[in-house]
Amino acid sequence: MSPLLWSLIAVPLGSGGLLACSGSRGDRHATAVGTAVMAVTLIIGVSVVVARPEASFPFFAGMGLSLVVDGLSAILIVTVVAITSVVLLYAVSELGARESRARFTGLMLLFAGAMLTTVTASNLPTLLMGWEVMGAASWALIGFWWRDSERSVSANIAFLTTRAADLGLYLAAGAALAGGSGSLALGTLPDISQGWLELVTAGIVVAALGKSAQLPFHFWLSRAMSGPSAVSALLHSATMVAAGGYLLLRSEALLAASGWGEPVVAWTGVFTAFVLGLVAVAQRDLKQLLAASTSAQLGFVVLAAGVGSLTGGTVQLVAHAATKSALFLVAGAWLIALGTKELRELRGAARRYRGLGVAFTLAAASLAGIPPLSLWVAKDEVLAAALAQAPALYAVGTVAALLSTVYTVKAALLVWRPVPERAEVTLDRERLGTRRVAPLAESASWVLASGAALLGVLGIPSLAHSLDVFLGPEADPSPALWQLVVSTVATLLVAGLVRWWAEWRIPTPLLGYRGWQEWLCVEGAVRILLVRPVLVAARTLAAFDDRVLDRLVSAVPVAALWLARLVGRRVESWLDGSIGALTGGVGLLGSLARRPQTGQLHQYYVQAAVALALLAVLVVLG
Amino acid sequence: MNVLSLIVFLPLVAAAALAFVPARLGDRVFTWSWGAAAAADLVLVVAMWIGFDADGGISYEQRLRWMPSVGIDYHVGIDGLALPLVAVTAVLFLACAIYSQRRLRSAKPFVLLFLCLQTVSLGLFTALDLILFFVYFDLSIVGMYFVIAAWGHGNARKSALKFFLYTFVGSLVLLLGFIGLYLAAEPHTFDIVELARANPLAGRETYGAVVLLAIGLGFAIKTPTVPFHTWLPPAHTDAPATGSVILAGVLLKMGTYGFVRIAMPLLPQSWREYAWIVVIVGVVSVLYGALVALAQEDFKRMIAYTSVNHMGYVVLAVGAAGLIAEGDEQARSLAVTGAVTQMVSHGLLTGALFLIAGVLFDRRASYDMGSYSGLAGRAPVLAGATALAAFGSLGLPGLSGFVAEFQIFTGSLASASVPTALALLGILITAGLLLRAFHRMFLGAERLPDTPGSTRRFEDLRSRELFSVLPLLVLAVVIGLLPRFLLDVVEPSVTSVIGVIGR
């Protein structure tokens, strides 16, 4: 038992639960409580990172709730707590005074607490609990503005898609038990018997791909944009999507043991990075662009897990978390101020609000892979490991990395364009803009953007080495000098090209199709190919239930009644008639039998004589 | 007097005493006395739980001669399988008593009927004699018939009759099975403990199969499993809210409890032989129940079909536990423990959902999901309670449904891989249908059905409603977070049942 470690998850989960249930009474104090809780959690988080405790609590037979802090968990704990704290501060400016702050803050704390549970869980039941509660919290947060029905639809789609993938974890738990892991501890999974091992691997991979919005599950992330920007900032960075990447990094040994897990994961990751990179290029809405980019960037984490680059994957995860949360906060602040998130209408947004503009540019530079910022460092690390596995992975990965340069530079250029004349006409498309930026929102974006830039220090070889040691047994291959040169030159080249492209307004070939903007139309396909058939099956079965099964059952008493009537009318009268006939017959026989009984002796003598004669004849003949 | 018998008969004694109180003294006398009796009974159950020794054996046993010439005794006792169900029964009846603290239609007979039903339900879970069990089983049907027929709405009398005839036929088949067991035992007996020890049908395959068929059919109708479930939706839809709570929370459990109490330990060989049929029936119930629930427009009818789905998990688990060829003992124990947990969890969560349905019906006399929208604005507490119950019902961790379903799936996968994998789809479909229902009724723009005579306002939960729903949800959360207090009681008894099946 370690009370410290338990308090790490109990404090945010408990206070979040209470706050979410407190109703409008809690609204006034919600921000203060939320800040205080995050401060306490930060202290606890730092302490557990230092102390590295383990904790276990009896739950199911032979499998408790178990938490443990190792290097990977430690880094994620700090990331989750830090980003949640900043985002909560930002949210103060986003939510109106009359909105349910208590519900919002409570749900955010639940969300973060569930993520903390996920990253410290040391066995499958604990992981699954954090994992699914996080999904439910995301549902409530995406649909936070519940009066708008479309947002609730988005929440349902996001929850059901991730839960469909979560079934993999249930499957993995059962298979692990069947394969001989009685405790379901994550560390024992690579050792379970063949056959079941395949199922465990498949289950975990599917669940992780779903959560981190990799192909083909990526479409829920587009829907997740319906929530407040603060929710996007957290959901796209340190929680939810990060959980999938984390689980795969955690499961490296399992992926290796299965034989096929690593290549499948690596290729899914790099393919997602590539395809969603293209989707991001095609977006016309800033938040949608950032969302598609999240899938693509998480693709590099997944690729890292597939090529066994624990350090690279972790740096990518953390660097992306800081970068993307900063970008979402800026996009959210602009949405509040200008009432739009359409890229075209955001022209000049950075000039209107320079503080935000610089923060946005800094984070965007990191996302674009400009050296020496954090995501450049991370990607080179991941790609070095990919090259060691397969050159093809490296090649596709490099192209995908350059795509992130394309879409980010495109967005950054747009927001720095001069403010167009008559701009006021096109603004306020989505909501009524306030035309001001809260100082808190600006500082929050700055904190995260600086994080995104400063994490680039992890590229310094000695620091990278200590991170390797911190994270675990095997050291990653470091990128060779030529790789750094290639990535630097290519990135700068592409950035210049995009600038030139934008200036000359050359149309983007292929990407004009609706399919790219619609995230490859997977949601529509799922509706047609999966949801609709299920609904049709449901209606058919319901009709069958009412019209066939129920009628069949109801027919039994009806048939019984019919039979009863039949018996009453036919059989009974027939029976009555036959009884009458029988009694009549018996009566007739009786009267016949009475006839010889005349009471006259001579007639009896004659009868006796005849009978004796007959008897004599029988005896003689016999 | 044995404390167990005291618990069982306390409501009946209260009913007998209340029967002499004239109805003109007012409804309050009856509803308050009912609440007091139910609360006292719950206190006794809690005391019994505290004193319970979880060693897998039977505690609080009592045996009185009843009809010795035919081997029938008043034999009661409680073990880890029965105690949780006794507790859920006591909790649900108390919740019903709290919920009914208002103007009831003819309070006196209603209260008397519910008190009698409570004795019958508690009696069934404590009975250790087949005939005693059967008597309670039948009386529960009779009692519920009157609840639905006299206090229901809509097409109540027809639904009640259907419920009565269907489940009564089931009970007769069950009786045939019991008599089959009785005749097979030497000396003849109806005693469950002795029958389990003697294992009278060992090595008699055909005989065992026929008896299992009879008993299985009887319990399958009561549970109900597909395709014997069609009495359930109309009975629920037309029953009063409290009737639905007891029907779903207690009466359905009589079927699933019968599987673990009677069918499995008394017919271990036949159970193993035909476990695959049970598994198939279970998985069909899971998927069929979920899909048909998805297509419903009536909130209460939808919950009724999710009951078919949830009971399907229980049937799947007890079936998988019989597939002994594969899967070690830990997995099979886990599955059956999950099944018992599911009975408890379903009682609490579905009980809460049916009370919520009753709240809606009180306000607007309609269960039609399409006619409500945006209720969360007017009734945030109701919305919160519904969301919690719905998430619990779809198996969200932190609530009791997850504790049950995780154990069922994890334990069943080893021995019944494909059926369990299919059944997993059930939790996705239930998630879809419950979220969809919640979305339609509680979120979006506000819209209320125009019911003649209703006010414009839509009230949030009143205190008696809150105090009946909330404890059920709190218990679901407690089980979801700290399940050991329950599992410590259940596991030893499950281990003995698994041991018996392995014979």
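Condition check ((1) without any contact (Cβ under 8 Å) to a residue 60 or more places away in the chain; (2) in a loop (DSSP other than H, G, I, E, B)) across all residues:
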{"site": "A:Gly174", "(1), (2)": "yes, no"}
{"site": "A:Gly180", "(1), (2)": "yes, yes"}
{"site": "A:Ser183", "(1), (2)": "no, yes"}
{"site": "A:Gly187", "(1), (2)": "no, no"}
{"site": "A:Val205", "(1), (2)": "no, no"}
{"site": "A:Ala213", "(1), (2)": "no, yes"}
{"site": "A:Trp220", "(1), (2)": "no, no"}
{"site": "A:Ala224", "(1), (2)": "no, no"}
{"site": "A:Thr239", "(1), (2)": "no, yes"}
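Table: residues versus (1) of a type in the set (Ser, Thr, Tyr); (2) surrounded by fewer than 24 Cβ atoms within 10 Å (Cβ to Cβ); (3) closer than 27 Å to A:Val200 by Cβ.
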position: A:Phe271; (1), (2), (3): no, yes, yes
position: A:Leu286; (1), (2), (3): no, no, no
position: A:Leu289; (1), (2), (3): no, yes, no
position: A:Ala292; (1), (2), (3): no, no, no
position: A:Leu298; (1), (2), (3): no, no, yes
position: A:Leu303; (1), (2), (3): no, no, yes
position: A:Val307; (1), (2), (3): no, no, yes
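Does the stretch A:231-248 contain any residue that is outside the structural domain of A:Ser293 (by TED's automatic domain parsing), crowded, with 24+ Cβ neighbours inside 10 Å, over 16 Å from the mean Cα position of the chain (by Cα) and within 30 Å of A:Ala441 (Cα to Cα)? Among the residues of the stretch A:231-248, at least one is outside the structural domain of A:Ser293 (by TED's automatic domain parsing), crowded, with 24+ Cβ neighbours inside 10 Å, over 16 Å from the mean Cα position of the chain (by Cα) and within 30 Å of A:Ala441 (Cα to Cα), which makes the answer yes.
B:Arg332 - would you say it is of a type outside the set (Gly, Ala, Ser), surrounded by fewer than 24 Cβ atoms within 10 Å (Cβ to Cβ) and more than 9 Å from every other protein chain (Cβ to nearest Cβ)? Step through it out loud before you land on a result.
Details: of a type outside the set (Gly, Ala, Ser): yes; surrounded by fewer than 24 Cβ atoms within 10 Å (Cβ to Cβ): no; more than 9 Å from every other protein chain (Cβ to nearest Cβ): yes.
Spelling it out, it is not the case that B:Arg332 is of a type outside the set (Gly, Ala, Ser), surrounded by fewer than 24 Cβ atoms within 10 Å (Cβ to Cβ) and more than 9 Å from every other protein chain (Cβ to nearest Cβ).
For the stretch B:399-426, filtered to residues that are surrounded by fewer than 24 Cβ atoms within 10 Å (Cβ to Cβ) and at the interface with another protein chain (Cβ under 10 Å from one of its Cβ atoms), the residue that is modelled with the lowest pLDDT is B:Ser417. Among the candidates B:Gly338, B:Gly322, B:Gly370, the residue that is modelled with pLDDT of 95 or more and of a type outside the set (Phe, Trp, Tyr) is uniquely B:Gly338. Screening the candidates A:Leu561, A:Leu618, A:Leu552 for the property of being over 30 Å from A:Leu541 (Cα atoms) and out of contact with any helix residue (DSSP H, G or I) (no Cβ under 7 Å at 6 or more places or on another chain) yields one hit, A:Leu618.
When the residues of the stretch A:95-154 are filtered to those that are of a type in the set (Phe, Trp, Tyr) and touching a residue at least 60 places away in the same chain (Cβ under 8 Å), which remaining residue is nearest to the other protein chains (Cβ to nearest Cβ)? It would help to see each step written out before you state the result.
Step one: of the stretch A:95-154, the residues of a type in the set (Phe, Trp, Tyr) are A:104, A:111, A:131, A:139, A:144-146.
Retained after the next criterion (residues that are touching a residue at least 60 places away in the same chain (Cβ under 8 Å)): A:104, A:111, A:131, A:144-145.
Details: A:Phe104: 14, A:Phe111: 13, A:Trp131: 8, A:Phe144: 11, A:Trp145: 10 Å.
This residue is A:Trp131.
Assess whether B:Gly384 counts as being touching a residue at least 12 places away in the same chain (Cβ under 8 Å) and within 11 Å of chain A (Cβ to nearest Cβ). Before the answer, list the steps.
Details: touching a residue at least 12 places away in the same chain (Cβ under 8 Å): no; within 11 Å of chain A (Cβ to nearest Cβ): yes.
No.
Residue-level analysis places A:Gly71 outside the set of residues that are surrounded by fewer than 20 Cβ atoms within 10 Å (Cβ to Cβ), farther than 13 Å from A:Trp6 by Cα, within 14 Å of another protein chain (Cβ to nearest Cβ) and in contact (Cβ under 8 Å) with a residue 12 or more places away in the chain. Restricting attention to the stretch A:34-67, the residues that are surrounded by fewer than 21 Cβ atoms within 10 Å (Cβ to Cβ), more than 14 Å from every other protein chain (Cβ to nearest Cβ) and in contact (Cβ under 8 Å) with a residue 60 or more places away in the chain total 1. Within the bounds of the stretch A:217-238, is there any residue that is closer than 30 Å to A:Ala438 by Cα and of a type in the set (Val, Ile, Thr)? Yes, the stretch A:217-238 contains a residue that is closer than 30 Å to A:Ala438 by Cα and of a type in the set (Val, Ile, Thr). When B:Pro449 is tested against the conditions (1) surrounded by fewer than 22 Cβ atoms within 10 Å (Cβ to Cβ); (2) within 25 Å of the chain's Cα centre (by Cα); (3) farther than 26 Å from B:Thr337 by Cα, the lone failure is (2).
Tallying residues that are within 23 Å of B:Phe361 (Cβ to Cβ), modelled with pLDDT of 95 or more and within 13 Å of chain A (Cβ to nearest Cβ) within the stretch B:450-503 yields 2.
Can you tell me which residues in the stretch A:188-203 are loosely packed, with under 15 Cβ neighbours inside 10 Å and in contact with a Ser or Thr (Cβ under 8 Å, 6 or more places away or on another chain)? Matches in the stretch A:188-203: A:Asp191 only.
Test B:Val284 against the stated conditions and say whether it is in a helix (DSSP H, G or I) and surrounded by fewer than 24 Cβ atoms within 10 Å (Cβ to Cβ). Let's see the steps before the verdict.
On the way: in a helix (DSSP H, G or I): yes; surrounded by fewer than 24 Cβ atoms within 10 Å (Cβ to Cβ): yes.
Yes: the conditions hold for B:Val284.
Of all residues in the stretch A:215-224, none are more than 14 Å from A:Ala291 (Cβ to Cβ), aliphatic (A, V, I, L, M) and at pLDDT 95 or above. Scanning the stretch B:422-437 for any residue that is over 24 Å from the mean Cα position of the chain (by Cα) and under 18 Å from A:Ser154 (Cβ atoms) turns up at least one such residue. Screening A:Ala349, A:Ala322 for residues that are under 15 Å from A:Arg429 (Cα atoms) and not acidic (Asp, Glu) leaves exactly one candidate, A:Ala349.
Just to check your reading of the model, which residue among B:Thr430, B:Thr451 is touching a helix residue (DSSP H, G or I) at 6+ places or on another chain (Cβ under 7 Å) and assigned to a loop (DSSP other than H, G, I, E, B)? Give the derivation first.
Values: B:Thr430 fails: assigned to a loop (DSSP other than H, G, I, E, B).
Unique residue meeting the criteria: B:Thr451.
The values are calculated or read from the model by the stated rules, or taken from the named source; none is laboratory data. Because the structure is a prediction, the values reported are computed rather than measured. Ideal geometry is used to build each Cβ from the backbone, glycine not excepted, and the neighbour counts take in all protein chains shown.
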